[in-house]
1. Applying the selection to region 142-185, what residues are of a type outside the set (A, V, I, L, M) and in a loop (DSSP other than H, G, I, E, B)?
2. If a residue has to be surrounded by fewer than 18 Cβ atoms within 10 Å (Cβ to Cβ) and charged (D, E, K, R) to count, how many in region 109-144 make the cut?
3. What residue, among those in region 269-281 that are closer than 14 Å to TRP27 by Cα and either surrounded by fewer than 23 Cβ atoms within 10 Å (Cβ to Cβ) or among the charged types (D, E, K, R) (or both), is farthest from the chain's Cα centre (by Cα)?
4. Looking only at residues that are in a loop (DSSP other than H, G, I, E, B), aliphatic (A, V, I, L, M) and out of contact with any Leu (no Cβ under 9 Å at 6 or more places or on another chain) in region 1-37, which one is modelled with the highest pLDDT?
5. For region 161-169, indicate whether the set of residues that are more than 30 Å from ARG100 (Cβ to Cβ), of a type outside the set (S, T, N, Q) and out of contact with any His (no Cβ under 9 Å at 6 or more places or on another chain) is non-empty.
6. Which ones in region 184-208 are crowded, with 19+ Cβ neighbours inside 10 Å, farther than 26 Å from LEU119 by Cα and either among the charged types (D, E, K, R) or at pLDDT 95 or above (or both)?
7. Within region 315-356, work out how many residues are touching a helix residue (DSSP H, G or I) at 6+ places or on another chain (Cβ under 6 Å) and polar (S, T, N, Q).
8. Return yes when PRO214 is surrounded by fewer than 20 Cβ atoms within 10 Å (Cβ to Cβ) and out of contact with any strand residue (DSSP E or B) (no Cβ under 9 Å at 6 or more places or on another chain) and no when it is not.
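The values are calculated or read from the model by the stated rules, or taken from the named source; none is laboratory data. Here the structure is a predicted model, which is why all the values come from computation and not from measurement. All Cβ positions, even for glycine, are placed from backbone atoms using ideal geometry, and neighbour counts span all protein chains on display.
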Amino acid sequence: MKRPPHVSGPPDPSSIDTSERPFVLIWEVTQACNLACTHCRANAQPKRHPDELTTAEGKRLLDQAREFGPGQLVVLSGGDPLTRPDLVELVEYGTDHGLRMTLTPSGTASLTPEIISDLEDAGIRRLALSIDGASPDSHDTFRGETGTFEQTVEAAKAARDVGLPLQINTTVCAQTVDELPALRDLVSELGAVLWSVFFLVPVGRGRILDPISPDRAEEVMQWLSDVSDEAPFGVKTTEAPFYRRVSAQRRRDASDAPATDRIGRRNGIIAGDGFAFVSHVGELYPSGFLPESAGTVRDGGLVDGYRNSELFQSLRDRDALRGKCGACEFRHICGGSRSRAFAHTDDPLASDPLCPYVPNGYDGPMPTGRASSD
């Protein structure tokens, strides 16, 4: 029997002070996964790590998340969360304690209609599935396992059958960028409510992949803005916040940028500022793609680490950004990918090398690690 709802809905995004709470809290419940995806941030392995947060520790983490305020959004990610036998129990616990629980499982044979139904009964609010190619061949090659495209599409249909909102995540790199128009059509066919488009950050196994150039990224942003205007689903970018700058420019002025995207996320959310990540062993990071620790949640440090650590506070100060990101008039609605800046320079406050925009009058150094033009 489906559990009664314990959360009426998301808090008003305009009411969220991102210096006090994240809009999105991701918990990497495990790094175990049976896939070997070429872009995997976590370098996922088949077996679970012996120092993963236990069930009891996970529940204490969810208790800490409640301290941020009503309706905190918690994303359970991995690896593949389904490798944890206590997954449904954790979803139930979070739901019963007023958290908005969502899930990003891997597209494997474990993601059956039965487990999707169990998760929906437990109170899961959204299922996010990754599709990186519009055909079985392209997707399965990227994911490193034959059959994952079919399994993921079947899981998407199963989510639709039980009325569970579906999000599709797609990685953009040189290998996948030409698939985007066909993927847009597939996202629509599957009835997704949101397409989350992730622009590669060179961490984990993703270091071996080729990113697209800044100029190509700008073209993709323009195209995504058109898709957002026309599609029946929302569009957001991950680790590419200059999508907001592109949208603002299309509206002629930075002050005209919309206050939220179509799923209620406030503009300007970046790693450490409205976003936080807890690793499988309990380390608190600004993002899974920015592996600088602000302490551990095992000692109850989630809320204090997010609000008061020097790392998180620095990431929330847009006037502390360096280079052309610091000089950019769009820094408060964009802020650049702090994760990509860190991956290229070891400085999370440096300029995002994927963004080609140069602020008027800026004559300082350009970001290091910029890809060559396509």
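1. Going through region 142-185, the residues of a type outside the set (A, V, I, L, M) turn out to be 142-152, 154, 157, 160-161, 163, 165, 167, 169-171, 173, 175-176, 178-179, 181, 184-185.
Scanning region 142-185 gives GLY144, GLU145, THR146, GLY147, GLY163, PRO165, CYS173, GLN175, THR176.
2. Here is the first cut: in region 109-144, the residues surrounded by fewer than 18 Cβ atoms within 10 Å (Cβ to Cβ) are 109-110, 112-115, 117-118, 121, 135-137, 141, 144.
Narrowing the set further to residues that are charged (D, E, K, R) leaves 114, 118, 121, 137.
Counting residues in region 109-144 that are surrounded by fewer than 18 Cβ atoms within 10 Å (Cβ to Cβ) and charged (D, E, K, R) gives 4.
3. The selected residue is VAL281.
4. The initial filter retains those residues of region 1-37 that are in a loop (DSSP other than H, G, I, E, B), namely 1-12, 16-23, 29-31, 33-37.
Within this subset, residues satisfying the condition of being aliphatic (A, V, I, L, M) are 1, 7, 16, 29, 35-36.
Then drop every residue that is not out of contact with any Leu (no Cβ under 9 Å at 6 or more places or on another chain), which leaves 1, 16, 35-36.
Working: MET1: 50, ILE16: 87, LEU35: 64, ALA36: 57.
Result: ILE16.
5. As a first pass, look at region 161-169 and keep what is more than 30 Å from ARG100 (Cβ to Cβ): none.
Checked region 161-169: no residue is more than 30 Å from ARG100 (Cβ to Cβ), of a type outside the set (S, T, N, Q) and out of contact with any His (no Cβ under 9 Å at 6 or more places or on another chain).
6. Once the filter is applied, which keeps residues that are crowded, with 19+ Cβ neighbours inside 10 Å, farther than 26 Å from LEU119 by Cα and either among the charged types (D, E, K, R) or at pLDDT 95 or above (or both), region 184-208 yields ARG184, PHE199.
7. 1
8. Details: surrounded by fewer than 20 Cβ atoms within 10 Å (Cβ to Cβ): no; out of contact with any strand residue (DSSP E or B) (no Cβ under 9 Å at 6 or more places or on another chain): yes.
Judged against the criteria, PRO214 is not a match.
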